[in-house]
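Have a look at the structure below before the remarks.
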Amino acid sequence: MEASKPHNTLPKQDFLKVKGRELELDRHGYLANYEDWSENVALAFAEQEDLALNDKHWEVIRFVREFYETYDTSPAIRALVKAMKEQFGPEVGNSRYLHRLFPDGPAKIATKLAGLPKPAKCL
Amino acid sequence: MQRFAIFVTKSPYDSRNAESALRFCEAAITAGHRIEQVFFYQSGVHNSSTFLDLNTDEINMCKRWSEFKLANDVPLNLCVTAAARRGIVAEDQKSKPDSNLAAAFTPVGMSEYFSALNENAKNEKDAASTIKSIQF
Amino acid sequence: MSAYLLIISTHAPYHSSFAMDAYEAALGATNVGLEVRFLFQGNGVFQLLSAQTPAGIQHKNMAKKLKALPLFDIEDIYVCSKSVALRFEAISGQNHAQNYTNEFFEKISISDELEAQIVNEQELNILMANASHILRF
């Protein structure tokens with residue numbers, strides 16, 4: 001008998017280890033469940049990204065979590081900049097400031113550290 | 001000569017929508033007009049699937065669009081997010097080694113469609129260069 | 001008269017992806033600096049109701065999402081008054097359309113944060129006639 005081809009399976013599940021707990025990740029490496037988030041999750045992701053978090057990072061991380069709770073949307077960069085400008089003024093609400101904090105893309109990385117889904121690619 | 005941008009939103013087979021879009025494109029070109037691009041959104045992304053499997057006496061839209069592109073060199077763009085959500089994937093993503101996206105189609109962001117229309121908006125006075133967007 | 005793309009959103013949230021597809025198309029269009037105006041028509045007006053609790057079916061709240069439109073520079077938002085009146089007549093079984101329109105708008109909690117203009121048929125025709133492009137979802 002021919003060896004049968006294995007059935008298609010769902011992609012392998014990845015986990016993030018945080019304080020002895022294994023938290024589910026999505027296929028982009030983002031936290032699968034928003035409720036699993038804690039500051040330790042942000043720290044674990046920051047380590048992956050080689051980022052040393054300071055108060056300015058934390059301000060952005062908390063802000064994107066609030067954004068998500070208000071708008072049910074993971075903020076893309078334009079919306080993030082505009083919303084931060086409204087709350088903190090133009091010093092903080094500008095894309096250069098945010099890029100200095102998160103060189104690999106503020107919306108992409110801040111949402112990851114904040115435990116949100118990855119923002120839609122085309123927005 | 002009129003310039004057109006075509007926006008396709010329905011999957012093949014379920015509806016005649018995409019067939020109408022293609023026939024419109026062919027008729028427009030025959031009549032001397034220009035199709036700037038065809039953009040696939042919503043269920044329209046299914047038009048790009050190489051997994052479409054139809055009998056030879058039925059219409060395979062993926063094949064038809066691919067032939068259309070070859071003959072007329074019209075870009076066939078599809079919204080990458082709409083495609084991913086419906087299981088249409090390009091193979092360059094390492095978590096998805098197989099691709100069912102036909103080579104004639106290019107996965108792009110939404111803005112690809114709108115930047116053409118926007119360029120158009122700036123030249124509104126010049127009627128000949130105006131692009132008409134048609135949704136199918 | 002400036003050139004604009006009119007997005008017409010005609011589906012209720014949650015039953016299908018149409019409401020989200022309209023929303024995301026609108027956001028995508030603003031990305032390239034195209035002026036976008038957004039119209040709720042037909043069952044699309046149900047997206048504006050404040051009493052949406054889609055967490056139970058694991059969906060995102062459309063009313064919350066719509067509040068983000070101004071953050072994407074979509075400031076011109078319109079609601080078809082006839083669509084609202086017809087739906088509230090049907091639901092309430094009464095025929096004082098105007099009263100129910102008012103009652104409906106009282107239920108739109110996002111109206112303070114999201115300024116929507118209520119348009120009649122004639123205004124709607126003008127809005128569509130002046131649009132450079134229209135996409136309908």
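Can you figure out the FRET efficiency of A:Lys85 with C:Thr53, using R₀ = 51 Å and their beta-carbon distance, to the nearest 0.05?
Rounded to the nearest 0.05, the efficiency is 0.95.
Which distance in nm do the two modelled labels at C:Asn125 and A:Asp26 give, with both placed 7 Å along the Cα-to-Cβ direction?
If labels sit at C:Asn125 and A:Asp26, their model points lie 4.5 nm apart.
Pop out the Kirkwood hydrodynamic radius of the stretch B:3-135 from its pairwise C-alpha distances, inverse of mean 1/r, in Å to one decimal.
15.3
May I ask you to derive the relative contact order of the stretch A:15-113, considering only C-alpha pairs under 8 Å and at least 6 residues apart, and to give it as an integer percent?
Rounded, it is 23 percent for the stretch A:15-113.
In the P(r) worked out for the stretch A:15-113, what percent of Cα pairs fall beyond 15 Å?
Above the 15 Å cut-off, the stretch A:15-113 has 59 percent of its Cα pairs.
Computed FRET efficiency, Cβ-Cβ of C:Lys82 and B:Arg85, R0 35 Å: what is it to the nearest 0.05?
E(calc), rounded to 0.05, equals 0.60.
In nm, to one decimal, how far is the modelled label at B:Arg34 from the one at B:Thr130, with both set 7 Å along Cα→Cβ?
1.7
Hey, what does the equivalent ellipsoid look like for the protein assembly as shown, semi-axes from the Cα gyration tensor as sqrt of 5 times each eigenvalue, largest first, whole Å?
Semi-axis lengths for the protein assembly as shown are 34, 32, 22 Å.
Give the average, rounded to an integer, of partner chain Cβ atoms located within 10 angstrom of each Cβ in C:65-75.
Taking all residues of C:65-75 together, the mean is 4.
How do C:27-37, B:11-21, A:85-95, B:64-74 rank on mean C-beta neighbours within 10 Å, highest first?
C:27-37, B:11-21, B:64-74, A:85-95
A short reminder: the numbers here are calculations on the coordinates, not readings from a lab. Fair warning: this is a prediction, and the values are worked out from it, not measured in the lab. Heads up, the Cβs are rebuilt from the backbone with ideal geometry, glycines too, and the neighbour counts pull from every protein chain shown.
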